[in-house]
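Here the structure is laid out as structure tokens; the discussion comes afterwards.
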Amino acid sequence: MIVTQSLETALSHEGITLTEFSELALRLVDYSVICRDESQIEQTLYDRFLRIEPLIRDYLSVLHIRLLHETQFQYVRAYPPGSEIPGMHDEQHQPFNSGLRQRLGQQEIAVILVLRSQYDKSLREGAVDDNGQVMLSLEALSIAMHNLLGRALPENQNDRKKLFSRLKQLRLIQFSAEGNIDDALESGDTWIRIRPMIVSFVSDEALSALKGEELKGEEEKECL
């Protein structure tokens, strides 16, 4: 009760209620990411986060949850204990299984790795817009999947929809065309925007491992 009263007092200085604070904390734990440009709701939550960032950090630190706040692209991502965060290390706390830890399938992991690889390539080439986003066609993604991992995107339309809906939910991509995801995927010339959040989602080590597999594959082809 004393802690709650102390928190309410601190929040009152910013004109924020305990309910609004709880909404923000639960959103971070449930979704793991808040992006200001995603929706009006997330814009409101992100702006609220800016006002009480020290308080929300302290509150979540009790659960050993760490936050990565990218001010340039205006997003904040929550990480459970033991997670690998680019530029940050947590040797004290070991991973645990919780709702905050993303449970991804092999297909999702494969596509995310390739997306990070393509983002990194465009970054080196300077093909990044003012919002830190990279344009990529589904055709180019499919080719990269085959070249890097020897895998293909799901042929089944429902499976493909689930895959890209998940990537969008993780705030890793956006569809460049207006309309729903079904219309976007049915288009013969579909483009997606890879968001800068991909950098904080896939570590440099994972990307290096992927590049290592690519080089190994090329060497094996030369030997044939």
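Any read-out appearing in this document is the output of simple, stated calculations on the displayed coordinates, not a laboratory observation. Computed from a predicted model, the values in this text were never measured in an experiment. Neighbour counts run over all protein chains shown; Cβ positions are idealised from the backbone, glycine included.
Diagonalise the Cα gyration tensor of the stretch 1-85 and give the resulting equivalent ellipsoid semi-axes, square root of 5 times each eigenvalue, largest first, whole Å.
They are 20, 17, 10 Å, listed largest first.
Between E125 and H69, full extension at 0.36 nm per residue minus the direct alpha carbon distance yields a gain of 17.6 nm. The Cα center of the stretch 113-139 and the Cα center of the stretch 13-32 differ in position by 32 Å.
Gain in length, S61 to Q43, computed as 0.36 nm per residue apart minus the alpha-carbon separation, to one decimal in nm? Show your work: numbers first, answer last.
On the way: separation 18, 0.36 × 18 = 6.48 nm, distance 2.33 nm.
Contour length minus the Cα-Cα distance gives 4.1 nm.
How big is the charge dipole of the stretch 1-62 about its Cα centre, in debye rounded to the nearest 20, if each Lys and Arg gets +1 on its Cβ and each Asp and Glu gets -1 on its Cβ?
Details: 5 positive and 11 negative charges, 25 e Å.
Value, rounded to 20: 120 debye.
Spacing of the modelled spin labels on L18 and S208, each 7 Å from Cα toward Cβ, amounts to 4.8 nm. Between L26 and S142, full extension at 0.36 nm per residue minus the direct alpha carbon distance yields a gain of 38.2 nm.
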